[in-house]
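Trainee: Before I ask anything, here is the structure I am working with.
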Amino acid sequence: MKDHPKKERTLVIIKPDAIQRSLVGEIIVRYERLGLKLVGLKMVVPTAEQVEGHYTLDPNWRRVTGEKTIKNYRDRGLTPPSEDPLEITAKILKNLKKYLTAGPVICMVWEGAHAVELVRKITGGTEPRGAPVGTIRGDFVVDSYVMSDADDRAVRNLIHASGSVSEADMEIPHWFKKAEIIDYKVTREDIMYNKELENILP
Ligand code: GDP
Ligand code: MG
């Protein structure tokens, strides 16, 4: 039987810049107060291999991200540094490896209805500059592609969050062993998900 939609899971990584800026609590509270359930949590210093493996779990990631980045340059009226998507992605990946191996990160698995979509929504878009007020990136970080490209570094956007359910299904086992994810119940789930509201009145 297919899992109930309330069991959807997504991967969130609190990146090194967020830990350095003491934003761990601020970030966790956003997902927690929405009603998602934390089912996995650990602090690690990733290796470059782990980071490259993470971004290339989808064999199309290099091409798609390269093409998207070329389009982003054009939309800003700029000439992309290369017309070859793979050359662009090689540079992005080199900088992502430097960024994510710079210090500890916190890996988390959050579970609940529409977990993937809702975590992306409250996290805000990849480029903090354009992330709406009220999202984590919109509220806590000033970075942009203009800034990161000028200094040949990754954009510092505090968080990684899975982009789709299929991405989450690949990313979670990349960072967590099966036994590190805990299946458990919290009582508020009765109020959020049960078909009938019961046992409230004496
Ligand atoms: P995410 O899922 O929000 O992390 O975004 P993507 O999967 O599309 O991209 C992965 C990473 O590639 C981002 O976190 C950025 O570091 C980088 N990236 C994506 N698009 C661009 C872009 O247009 N310009 C630059 N410089 N980097 C980009
Ligand atoms: Mg992505």
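The values are calculated or read from the model by the stated rules, or taken from the named source; none is laboratory data. Since the model is a prediction, treat every value here as computed from it, not as a measurement. Quick reminder, even Gly has a Cβ in these numbers, built from the backbone with ideal geometry, and neighbours come from all protein chains shown.
Trainee: Of all the residues that make up the stretch 29-51, how many are surrounded by 15 or more Cβ atoms within 10 Å (Cβ to Cβ) and free of Cβ contacts under 8 Å to residues at least 60 places away in the same chain?
Mentor: 2
Trainee: Turning to a different aspect of this structure: Which residues, counting only those in the stretch 41-61, are within 18 Å of S166 (Cα to Cα) and in contact with a strand residue (DSSP E or B) (Cβ under 6 Å, 6 or more places away or on another chain)?
Mentor: none
Trainee: Out of everything in the stretch 156-199 that is at pLDDT 95 or above and among the aromatic types (F, W, Y), what residue ends up being farthest from ligand 2 (Cβ to nearest atom)?
Mentor: Within the stretch 156-199, the match that is farthest from ligand 2 (Cβ to nearest atom) is Y184.
Trainee: Determine the pairs where a residue that is over 18 Å from T126 (Cβ atoms), located within the stretch 160-174, has a partner that is β-branched (V, I, T) and more than 10 Å from ligand 1 (Cβ to nearest atom) with Cβ atoms under 6 Å apart, the partner being 6 or more residues away or on another chain.
Mentor: V165/V116; I172/V109
Trainee: Further question: Go through the stretch 2-30 and give me each residue that's within 20 Å of N95 (Cβ to Cβ) and in a strand (DSSP E or B). First the steps, then the outcome.
Mentor: Taking the stretch 2-30 first, the residues within 20 Å of N95 (Cβ to Cβ) are 13-21.
Listed by number, the residues that qualify are I13, I14.
Trainee: Within the stretch 86-101, is even one residue of a type in the set (D, E), within 14 Å of ligand 2 (Cβ to nearest atom) and farther than 30 Å from G25 by Cβ?
Mentor: Within the stretch 86-101 (the criterion being of a type in the set (D, E), within 14 Å of ligand 2 (Cβ to nearest atom) and farther than 30 Å from G25 by Cβ), the answer is no, since none of the residues qualifies.
Trainee: Could you look through the stretch 59-68, keep only residues that are charged (D, E, K, R) and surrounded by fewer than 16 Cβ atoms within 10 Å (Cβ to Cβ), and pick out the one that is nearest to the chain's Cα centre (by Cα)? Break it down stepwise before answering.
Mentor: Step one: of the stretch 59-68, the residues charged (D, E, K, R) are 62-63, 67-68.
Remaining after also requiring surrounded by fewer than 16 Cβ atoms within 10 Å (Cβ to Cβ): 63, 67-68.
Values: R63: 20, E67: 20, K68: 18 Å.
If we take residues in the stretch 59-68 being charged (D, E, K, R) and surrounded by fewer than 16 Cβ atoms within 10 Å (Cβ to Cβ), then K68 is nearest to the chain's Cα centre (by Cα).
Trainee: In addition: Using the structure shown, decide if E189 is closer than 18 Å to K68 by Cα and of a type in the set (D, E, K, R).
Mentor: Taking the combined requirement at face value, the residue does not satisfy it.
Trainee: Could you go through the stretch 128-146 and let me know if any residue there is within 15 Å of ligand 2 (Cβ to nearest atom), buried (at least 19 other Cβ atoms within 10 Å of the Cβ) and outside any helix (DSSP H, G or I).
Mentor: yes
Trainee: A further question follows. Looking only at residues that are in a loop (DSSP other than H, G, I, E, B) and surrounded by fewer than 21 Cβ atoms within 10 Å (Cβ to Cβ) in the stretch 156-180, which one is nearest to the chain's Cα centre (by Cα)?
Mentor: The residue in question is G163.
Trainee: Does any residue in the stretch 128-152 that is closer than 15 Å to R21 by Cα and among the polar types (S, T, N, Q) come within less than 8 Å, Cβ to Cβ, of a residue that is modelled with pLDDT under 95 and surrounded by 12 or more Cβ atoms within 10 Å (Cβ to Cβ) six or more places away or on a different chain, and which pairs are these?
Mentor: Cβ pairs passing all conditions: none.
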